Every structure is written in C-alpha cells, then in structure tokens.
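To start, the structure itself, in structure tokens.
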Amino acid sequence: MIRTTLLIIFCCSFSLLGLAQGKITGQIKDTKGQNVGFATIILQDKTTQKVVQGNTTNEEGKFTLENVPNGFYKLTARFVGYTDKIVDSLTISDTQKEITLSNITLKDDSEIKGIEVVGQKDLLEELPDRIVYNAEKDLTNAGGTAADVLRKAPMVSVDLDNNVQIRGNSNVKILVNGKPSAMMANNVGEALRQFPADMIKKVEVITNPSAKYEAEGTAGIINIITKKKTLEGVNGSIFSAAGTRNSNLFTNLNIKRKKIGTSLSFGGGAWYAPFRSETNRDNLLPNLSFLNQDNDGNNLGFWGNGNWNTEFDLSSKHAFSTNVRFSRGGYMSNSILSTNFADQNLNPLQQFARDTDQTYNNGNTDVTADYTRIFKDSRKDWSVIAQYSRGINNNRYELLQNPANSTIVDYQERNRNEAINQEWSFQTDFTQPLDSSKTLELGARATLRNVNSDFRLDLFDFNENNYINQPNLSNIFEYQQNVMAGYTVFSWNTKKKLGIKAGLRYEMTDINGDFKSSDTTINQNYDNLIPSLAISKSFDKIGQFKISYSRRIQRPFIFYLNPYVNFVDNKNISFGNPNLRPELTNNFELGYSVFKKNTSFNTTLYWRNTNDVISSIRSVDANGISSTTFDNFATNNSYGVSVFGGFQFLKNGRINSNLNVYYVNLNNQNEGWMYNGNVNISYKFNKNFSLQSFSIINSPRVELQGISGTWFYYNLGLRRALFKEKGGITLGLDNPFANAMVIRSKFNTDSFQSNSTVYQYNRGIRVSFNYNFGKIQNEQRKPRKKKTLNNDDIKQGEDGNGGQK
C-alpha cells in the first residue's frame, strides 16, 4: 500500500494560474555599423543556465523575445564568422517588464589578433548542480578516446584499465546525451575504447544529483554530451586520426528544414595495446610456499558505431523525436602466462605455461522516442520518453598448457560465452512554475532489465582427440531486475540570490535470478526513499557558497552475485556472492566558487558515508590457491577536499588545474590518504597555431587488503588551423619520454603476501585531421529543452570470463 500511495503522490500533476510576462527587444550590428540579419539570439536563465527562449534577427538585425517570465538572465548573440557577444545581468520583474538593447555589436573573426580569451568558453565551468569540462576546446583530445577525455574531467579518474571513479569511488553512472547506453551498461572499459574523443562536445560531472535523477551510482553521474549541429541548412564534419595506439575515421551530416531536422553520424577505428604483468605471492598457511607468475600479451581491437536522430516539430505545442544508436566492436587477444609454484625451500612443485587466444565481440543498440508538450511559459514543461536497449556479447577463448621447458601440450580447454542484455525504460517529467521564483517538478520512471548468459567450457580429451563438454564447469543463468520510481523536486530562487532545491525520490526494486549451473536462485525486494537538498547563496563581490546533501544507492550487478567459480587461472579463482545487499551512501558537500574576469576558482569539502560496502576479499588455501569473492562490510567513510580553477597568462594562454585529496577508512581495517590531480596548459601563438599539454597523477589507492600502485600520464598537442578555421590538423604525443608506465601494488593478509607489477605500454604518437563543411541558414524557431532518461543503474564489475559482465 505504501508503494502505491507514494507513487500516486509523486506522479500526480496539476495546473496553476499563469504568470506575468516581460519582453526584450534589440538590434545587432557589426563594427562597421552594418545590420547583422539572421543572427541567433539565445536567452538563458542566469542561475540554472537553461535556455529560456531563442530567436533570430530579421534583415534589419532586430529581434524580439516575448513572454519572458520574471527572473535573472543573460543573452547571447551569435552569427557565423563573428565572435559571440554576451549581455549579462538582465532582469525582468514586476517593476521592469521591458528591456531594450540598442547597442549590441558583433566583432568579425578576421579582426581578432591572437586569441580572445574573455567571453570564450573556459575548459572548466561550474553550473549550479554540476561541473562541466568542455572537451571540444582541448587540443590534446584530438585522435584519442573517451577514456582520454574523462581523465581530464574534474574529480574524475580513469585508470589504465579504463575503470572510472569519481573522488576515488568506482560506483559511477555514465550517461550519453542524458540517456543510458547499452554499450556503457555492458562493458564500460571497452565502450570507452570504442568512443572517439573527437565526437565529444563536453562532459558533465554531477557529484550530488537531485531527486530527479535515478538514485543509482553512489559516487555520482557522468554525462557525456556529443557534438551535434542545430542550425538550419545542410552541414557536417569529418574527423580522422592515425597513430601507433589507435586510429579512427568518422563523419556526421546534419539536415534541418523548418519543422523537420535529422542528423546522421557513423565511423569506425582500431586500437592496439600490448601488456605485461608480474605477480609474486608468498603463501603463509599452512606452510610457506611461493608463487611467481609472468603474463605477456597484446590486444588488437576494432569498433564501429553510428547514430541517427530525427526531430519533428508537429506544431507550436507538440514536438516529437527519435534516436537510434548502434555500436559494434571487439578485440583479439593473445597472452602467455608462465607459472612457477615452489615450496619453502624453493623446490619446484609446479611449473607450466598457458598460451591463451581470446576473441571478444559485442553489439549494442539503443532506440529512443520522446514527446514534448510545449507551453507559452518556457519554464513549464511535460515530456514522455521510452527507450529500448539491447546488448549482445560473445566471448571465446582457447587455452593450451605445457610444462616448463617443453612444447608438448598436456592440458587444453576452450569456452564460449554468449550473453544478451535487454532493457525497457519509460520516463515522464513535468515542470510547473509556481511563480516567478518557484518551480515544482514531478516525474516517474520504470526500468525493466533482463539478462541471459550461457557459458560453456570444454576440455580436450587426448585419448579421443576431441573436446568434451563439462556441464559441471558451465555457467547458465537468467536475471531480471525491475525498478519503479517516482520523484518530486521544489526549487526556489529569491531576488537576494538565494537558491534552494529540495527533493524526494521513491524507488522500488525487484530482483530475480536463476543461476542454473549452481542450482542457486535470488529473490530480492526492497524499497528506498532518496532525499536531496541543495542551498546556494551568491554575493556580488565574494562569490557563491553552496551546501548540499543527497542519498544514493548501489545495487550489486550479476558479476558480484553469480556463485559460479571461475577456474580460468587455476591458481587464482573467483566467484560471486548471491546474498549481497545494495550499498547506501549519504553524500554531504560544502562548496565555494568565484569567477572573475579571466580567473575561476572552486573548492568543495565533502564527506561520503557508505553502509554495506561491497568489497572483494582474497584468501589462500592450503594448496596455494587464491580465492576472490565479495561481501558487504559495515561502513566506508571518505573525507576530502576537491579544488579546481583556471587563470589566463601572457594574454593568449590559460592554465586549468584540478586536485582531489581525501582520507578513506575501510571498516577500520585499512585507511589512509589518497589524491589525484591534473594540469592543463594551453597557448595560442596566433590565429592558426596553438599548443596544449595535459598531465595527471594518481596516488597509491587504499584497498581493504592492501594498496594499489600510483601512476602518472601526460600528453602534448600542437594544432594548425586550416581552411579559414573550418578545419585543422593536430599532432599528439602520449607519454613520449617513457616506454611504459610501471604500477606496483601490495596486498597483505594473515594467509598471504602479494606484490604485483603492471607495465602499461602507452607511449604513442598520432596525427588527426578535421574539417567542417556545409551551408548554414537560419530559421526563426524557438528551441526546446532536450529531455534525458536517467538509467544505467548497475554496479560495474570487471570481466570475469565466467558469464555476462
């Protein structure tokens, strides 16, 4: 009964009295006094940065924005070949209903000497509820991957295996254009390799989401925004890159005519990554023994993806859009694992080598349709979104084992793993202005997920000279997860620059799993109330202060639940725990920021308290076999401070930096300080040449049973603009002064001590090229807000080679 009642409360809608409206008029000219016709005019809410209205100038350069609600705004005038002009601090109130702007002047790009830093978009921006990294402004991203881009986003760290963290927490939800993606849900690390950096416009980092967002992801949300043209006409771009580590080629085409617009993008590429690792383990119980393992290999991967988006403005009140995104990719891997197992006197007990060939392929498709009801008051909004996602993964390997100093194979196995992940999502959102300073948001969401996996293992029978299936080593399961949710959010922005946003979300979760190979079933059902609160206060000469709180949930995904025992490395086995509970995290933040002229600064103190933390546990038995599984531990407390900022130097240069320092206590078993930070330096010599460098460092990571190693990464980019800045060529260097990064980790328990070294061969060079083409026209149309569907509610796990990830 409580579920039904809460959902009714959250999802009900109502109508209120209309609001008084204002008007803004003006005229746009160039520096010679000539009228600029068909220029784009954008009006944004100064507090939320949301687009409130838009229009274009007529042939005389004049424009009118009508029905503007009371509030604080900034206006941007834009036209191709000119530098944007921003008019700040516009106020519509009961005492000032009309504003006339008669002296708006656009400067021709050809008149600019050097670089205009003032008025341009900075690499890092702070919005009321998120930090934005404008990736398209960063030259060092050219020719790279999405992993390279995320490494430069504030508070985000991506290790060399493409595991993503926010402030040291890996429970991150990743969206693409505000929507979940099948490729991200199945395998984040592989998805980041298949996503070219040149497709990314910006990255939004939300550490304390409001109740409007799905509650999954205790660390926060990362939203990747891709590049997309929105102007009238036919236009597009081509991107290509060739390098020693990855190469790609893709293009996009945009066509917009009056009430119909469509965009199409597609491309593909390949990547190459050799690897090497060493592990030395001392088994302490019951008798001292030693295990040494060396693993050498290489990966050769490929990818291709495409996106088709169509928008229909059915009338002035109704809009409809569809989007189809698909991706295909995979890799081929070969590795040789050498194992030496000895007793306390270093006498050999086992010595062998395993040669493994692996092939991985995936295919992902997302189909989305959304409807938007448009009202005269642009702040009032209602939308309905439906999405279907399907991901297919096929993983196969063959393993040949031979004794040391021999080429005769004495053990042989192979496997095939086919998995399908299907998901239906439905969401509706309604925003109702209460008056000029208050709004109320209501919404509901349903996510229905179904996963099937079939893992078969065959052993080679040398007598029969054939492979024989091993049912006791197979892993077949079905898994369903359904989440129903409703939310309400109240926002209030006062004339004294005080902002308050309070929300409450209700989520109901049903999980059913049938792990047939181990004869294990899972049936979980639980409810969660997710509150959120954010209060901000701005001062004209001091800056902005903000305090916020949110509760987040992290549900364990299949990899952590599956009881199947993975024997791929018979000295290091792993299995899941079907009795895991979800993590619950309380996030508290206190922040201060200031933006003045060419300098920006932000600092945030935070405390993250997590209950029922899901952590991996390692143990070694009497035979020297290491077992890894998962369990819920009592608490995890992290305290820290994050700082980012930027400033201009030598007129044409800029430095942006990000630092995160935090202390973590893991259930009073292990604790310590950690940090990560980066520096981004850019300089523009003249109109055509620019240089950029980026460097990042990650401290040793405190884990429950030890410490993982530190690592350092840097790159350089030099760009030459071509074709009157419609294109350009960029030379990029990655870690040019070191052949490999060396990462050392240590783990200690009562039963073993382990030291491992990983060599990452990521030194590389690449050359990239881009060109923008087409004709742009302008049509007087009111832009509508883009809707988002917030899913991807899983706690990610590494590839277990024993079933669906």
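P(r) for segment 382-423, please, calculated from all Cα pair distances in 5 Å bins and given in %.
Result returned by the calculation: 6, 14, 15, 10, 12, 8, 9, 7, 6, 5, 3, 3, 2, 1, 0.
Given C-alpha coordinates of segment 252-774, what is the ratio Rg to Rh with the Kirkwood estimate of Rh?
Reported Rg/Rh, Kirkwood definition of Rh: 0.99.
What residue among Asn334, Ile200, Ser600 has its Cα farthest toward the positive end of the dipole of the chain, where the charges are +1 on Lys, Arg and -1 on Asp, Glu, each on the Cβ?
Ser600
Please find the FRET efficiency linking Gln669 to Thr521, where r is the Cβ-Cβ separation and R0 is fixed at 30 Å, and quote it to the nearest 0.05.
0.40
Where only protein heavy atoms count, and the probe is 1.4 Å, what is the accessible area per residue for segment 225-384 in Å²?
Value for segment 225-384: 47 Å² per residue.
Tell me, what HN-Hα J-couplings in whole Hz come from the Karplus equation 6.51 cos²θ - 1.76 cosθ + 1.60 at θ = phi - 60° for each residue of segment 603-618, using x for Gly and Pro?
Along segment 603-618, the couplings run 9, 9, 8, 9, 9, 10, 10, 10, 9, 6, 4, 8, 9, 7, 10, 10 Hz.
Among Asn55, Phe72, Ile92, which residue has its Cα positioned farthest towards the positive end of the charge dipole of segment 22-108, with +1 placed on the Cβ of Lys and Arg, -1 on the Cβ of Asp and Glu, and the dipole taken about the Cα centre?
Final value for the positive-end residue is Phe72.
Under a 1.4 Å probe, what is the accessible area of segment 22-108 per residue, stated in Å²?
Here the residues of segment 22-108 average 48 Å² of exposed surface.
Counting only residues 5 or more places away or on other chains, whose amide H sits under 5 Å from the amide H of Gly144 once H atoms are built in the peptide plane?
The list, which skips near neighbours in sequence, is Ala197, Asp198.
Computed from the mean reciprocal separation of all distinct C-alpha pairs, what Kirkwood hydrodynamic radius does segment 22-108 have, in Å?
That comes to 12.9 Å for segment 22-108.
Amide H to amide H under 5 Å from Gln53: which residues, 5+ apart in sequence or cross-chain, H placed 1.01 Å off N in plane?
Leu43
Positive end of the dipole of the chain, charges at C-beta (+1 Lys, Arg; -1 Asp, Glu), about the Cα centre: which of Phe320, Ser754, Leu659 has its Cα farthest in that direction?
Phe320
In whole Hz, with x marking every Gly and Pro, tabulate ³J(HN,Hα) for segment 405-416 from phi via Karplus 6.51 cos²θ - 1.76 cosθ + 1.60, θ = phi - 60°.
Each residue of segment 405-416 in turn: 6, 8, 9, 7, 6, 10, 8, 8, 9, 8, 9, 9 Hz.
By its C-alpha gyration tensor, with a ≥ b ≥ c as the square roots of the eigenvalues, how is segment 420-469 shaped: rounded for a/c under 1.5, else prolate for a/b larger than b/c, else oblate?
Taking the square roots of the gyration eigenvalues as a ≥ b ≥ c, segment 420-469 is prolate.
Please list, in chain and number order, the residues 5+ apart from Lys46 or on another chain whose amide H is under 5 Å from its amide H, with Hs placed from the backbone.
It is Phe72, Tyr73, Lys74, by chain and number.
Name the shape class, rounded, prolate or oblate, that the alpha-carbon gyration tensor gives for segment 361-483, where a ≥ b ≥ c are the square roots of its eigenvalues, rounded holds for a/c under 1.5, and otherwise prolate holds if a/b is larger than b/c and oblate otherwise.
Taking the square roots of the gyration eigenvalues as a ≥ b ≥ c, segment 361-483 is prolate.
Beyond 20 Å, what share of the Cα-Cα pairs of segment 562-642 is found? Please give it as a whole percent.
Of the Cα pairs, 57 percent sit more than 20 Å apart.
Quick one: pull the percent of accessible area on the chain belonging to carbon and sulfur, 1.4 Å probe, ligands and nucleic acids left out.
After summing per-atom areas, the C and S share lands at 55 percent.
Bin width 10 Å, origin at 0, all Cα-Cα pairs of segment 297-407: what percent of pairs per bin?
Percent of Cα pairs in each bin: 11, 23, 17, 15, 12, 10, 7, 4, 0.
Please report, in debye to the nearest 20, how large the charge dipole of the chain is about its Cα centre when each Lys and Arg carries +1 at its beta carbon and each Asp and Glu carries -1 there.
4160 debye
Across segment 686-695, in residue order, what do the Karplus-derived ³J(HN,Hα) couplings come to in whole Hz, using 6.51 cos²θ - 1.76 cosθ + 1.60 with θ = phi - 60° and x for Gly and Pro?
Each residue's phi maps through the Karplus curve to give 7, 5, 10, 10, 8, 10, 8, 9, 9, 9 Hz.
So, in nm, how far is label Thr635 from label Asn394 when the simple model puts each one 7 Å beyond its Cα toward the Cβ?
Placing both labels 7 Å beyond Cα along the Cβ direction yields 5.1 nm.
Which distance in Å, rounded to a whole number, links the C-alpha centroids of segment 528-584 and segment 445-494?
Each part's Cα centre sits 20 Å from the other's.
Go through segment 519-611 and name the trypsin sites (Lys or Arg not before Pro) that are in a DSSP coil and have 14 or fewer other Cβ atoms within 10 Å of their Cβ.
Lys541, Lys597
Could you state the accessible area per residue of segment 604-728 in Å², with a 1.4 Å probe and every protein chain left in place?
45 Å²
On a 0 to 90 degree scale, rounded to 10, what angle separates helix 2-11 from the longest Cα axis of the chain?
With both axes taken from Cα atoms, the answer is about 30 degrees.
Which entries in Lys438/Lys495; Lys317/Lys496; Lys50/Lys107 show an alpha-carbon gap greater than 22 Å?
Among Lys438/Lys495; Lys317/Lys496; Lys50/Lys107, the Cα-Cα distance tops 22 Å for Lys317/Lys496; Lys50/Lys107.
Any idea what Rg and Dmax come out to for segment 497-610 if you just take the C-alpha atoms, in Å?
Final numbers for Rg and Dmax: 22.0, 66 Å.
About its Cα centre, what dipole magnitude does segment 226-385 give when the only charges are +1 on Lys and Arg Cβ and -1 on Asp and Glu Cβ, stated in debye to the nearest 20?
1420 debye
Just to verify a number: what accessible area does Phe341 come out at with the full protein assembly present, 1.4 Å probe, Å² rounded to tens?
Only protein atoms counted, so the area is about 20 Å².
Compute the length gained on full extension between Val234 and Val384: take 0.36 nm times their separation in residues and subtract their Cα-Cα distance, giving the result in nm to one decimal.
Here the answer is 51.1 nm.
The values are calculated or read from the model by the stated rules, or taken from the named source; none is laboratory data. Owing to the predicted nature of the structure, the values given are computational and were not obtained by experimental measurement. A quick note on method: Cβ atoms are made from the backbone with ideal geometry, for glycine too, and the neighbour counts reach across all protein chains shown. Heavy atoms of the whole protein, side chains included, go into the accessibility calculation; ligands, DNA and RNA do not. Shrake-Rupley method; radii C 1.70, N 1.55, O 1.52, S 1.80 Å.
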